[in-house]
Amino acid sequence: MSTGAHPDFIISDGLEFVGYHDLEGRPAFKMALWPSGDRWYMYLGHFWHRGWTVLDVTDPANPEFVNWIDGPANTWTLQVQAADGLLVTALEKIGGPFAERAKIWGGNPEADNDEGVLFWSLEDPTTPRLLSHFRTGGNGTHRNYYVGGNRAYLAANMEGYRSNIYVSLDISDPSNPVEVGRWHFPGQWIAGGETPEHDQYLHGPAYVLGDRAYLPYGRAGAVVLDISDERNPKQIGHIDIGSFGSIVGTHSVLPLLERNLAIVTTEAIYEEERDPMNLVFTVDLTDETRPKPIAAFPTPVPPAELGIADFHDLGGKFGPHNIQLPHSLPWMAEVGDHVHITYESGGMWTYDISNPGLPQPLEYFVPSAPAERRGALPKNLETQTEDIVVDSRGYIYLSDKNHGIFILRDRRHSPATEEG
């Protein structure tokens, strides 16, 4: 099947364009890789379509469509993870904690929706087999965390809570997930009489390393959680982002514990006006009870070829969204000194953090505006680079609200590594 003609783009010398797939006209959001035998499969959640795509990316220059799996109507199927022979897919009320945005995203707030998280067997990686459905009793789940083994960690809107909280599941029997523990930011437990002070919610994923979980907690900032007692997690560190960042607030936390560092991002959301100052910043975790922000990443400056001074001039939204999260999976590239970040209308940028106190832009890839509108956003039809995955072979995968999947290669990485 044809992969579709790729759009034009601007690319820096450190990167090489490899391939493109139009995903049969269904723009993707989150992506998850699963090497199986001698094949590499990618599972994709979608913005404007309810379900999941299976793509074969064994040859990244010629990605092949394998399968489409229908999801429930009027339900976000944005988020996917794959590890240990399981596919984990989130179900969520469209708009999530921002219900007033449901119609903007193509949802019907008056119609029924599904919610929770689905667990699928990848015994046949081309045709996932549904094993179970864990329900939250609320709006469902957003960015969850699963890297194999018998635990999954959810950003879940459980019944009685305002917005998403941290929930751990025992999935030693993936056909029967069982809750182990939960934690919420003070003010979220409405059923318990608490009153929220602001829009605190777990955006997710909870990045879990050992007995610590690192939580991007929306407007409440970032939280370091001690989960050594799984049934009674405790906060041991916190960063308050104050007036910075969008209405979404803290979007991702990437701990780099071998360097006593973390990378923390907020998320851009507005299109027609500037967000409050969005940030990507390095954090010193030497004292985990007092995480210390030490440097902000410079805002990307448009390449001269674009003929603009500011990415905001393109329309759409501009600012940080997803960063490469390797999840300690062997088929994913380690972060090392280079952090890959999507910037919506600004495309994808790589930063050098060899000096964590002075991050520097290193590489960029900026697609041209889509030729065809696939969904309601952005209002001004420009590229909106969303998610990023970097595999252990050095290939970079990018999704977009109205484009298909772009595949690049980092020239600094040898393509000789074939095993995941």
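Candidates Y351, L398, V178 compared by Cα position along the dipole of the chain: farthest toward the positive end lies V178, with charges placed on Cβ.
Note that the stretch 116-161, at 20 °C in a medium of 1.002 mPa s, gets a Stokes-Einstein diffusion coefficient of 183 µm²/s from its Kirkwood radius over C-alpha pairs. Pair-distance distribution of the stretch 216-353: all C-alpha pairs, bin width 10 Å, starting at 0; shares per bin in whole percent are 12, 39, 34, 13, 2, 0.
Starting from the amide H of M277, placed 1.01 Å from N in the peptide plane, find each other amide H under 5 Å away whose residue is 5 or more places distant or on another chain. Correct list: G245. Note on the stretch 325-420: the alpha carbon radius of gyration divided by the globular reference 2.2 N^0.38 Å gives 1.17.
Rounded to the nearest 20 debye, what is the charge dipole size of the stretch 145-273 about its Cα centre when +1 sits on each Lys and Arg Cβ and -1 on each Asp and Glu Cβ?
With Lys and Arg at +1 and Asp and Glu at -1, about 320 debye.
The local environment of V180, defined by Cβ-Cβ distances under 12 Å, has a net charge of -1 under the rule Lys, Arg +1 and Asp, Glu -1.
Between I104 and E24, what FRET efficiency comes out of the Förster formula 1/(1 + (r/R0)^6) with R0 = 25 Å and r the beta carbon distance, rounded to 0.05?
0.55
If you take the Cα centroid of the stretch 348-419 and the Cα centroid of the stretch 217-279, the two points sit 22 Å apart. Computed about its Cα centre, the charge dipole of the stretch 29-188 is approximately 540 debye, with only Lys, Arg, Asp and Glu carrying charge at their Cβ. Electrostatic tally near L285: other residues with Cβ closer than 13 Å to its Cβ, Lys and Arg +1, Asp and Glu -1, net 0.
Divide the volume of the convex hull around the Cα atoms of the stretch 157-262 by the residue count and you get 113 Å³ per residue.
Taking amide H positions as placed in the peptide plane 1.01 Å from N, state which residues far from G181 in sequence (5 or more) or on other chains have amide H under 5 Å from it. Result for G181 returns S168.
The convex hull drawn around the Cα atoms of the stretch 94-181, when projected onto a plane and averaged over every direction, covers 6.6 nm².
Sequentially through the stretch 131-148, phi angles give Karplus couplings (6.51, -1.76, 1.60; θ = phi - 60°) of 9, 6, 9, 8, 9, 9, x, x, 7, x, 10, 10, 8, 9, 9, 8, 10, x Hz, Gly and Pro residues having no value and appearing as x. When the trypsin sites (Lys or Arg not before Pro) in the stretch 209-294 are filtered for DSSP coil states and for at most 13 other beta-carbon atoms within 10 Å of their beta-carbon, the remaining sites are R231.
Only one of [x] 73, 48, 46; [y] 55, 46, 44; [z] 58, 50, 40 was calculated from the structure for Cα extents along the principal axes in Å, and its label is [y].
Read-outs: derived from the displayed coordinates by stated rules, not from any lab. Computed from a predicted model, the values in this text were never measured in an experiment. Don't worry about glycine lacking a Cβ; one is built from the backbone with ideal geometry, like all the others, and counts go over all protein chains shown.
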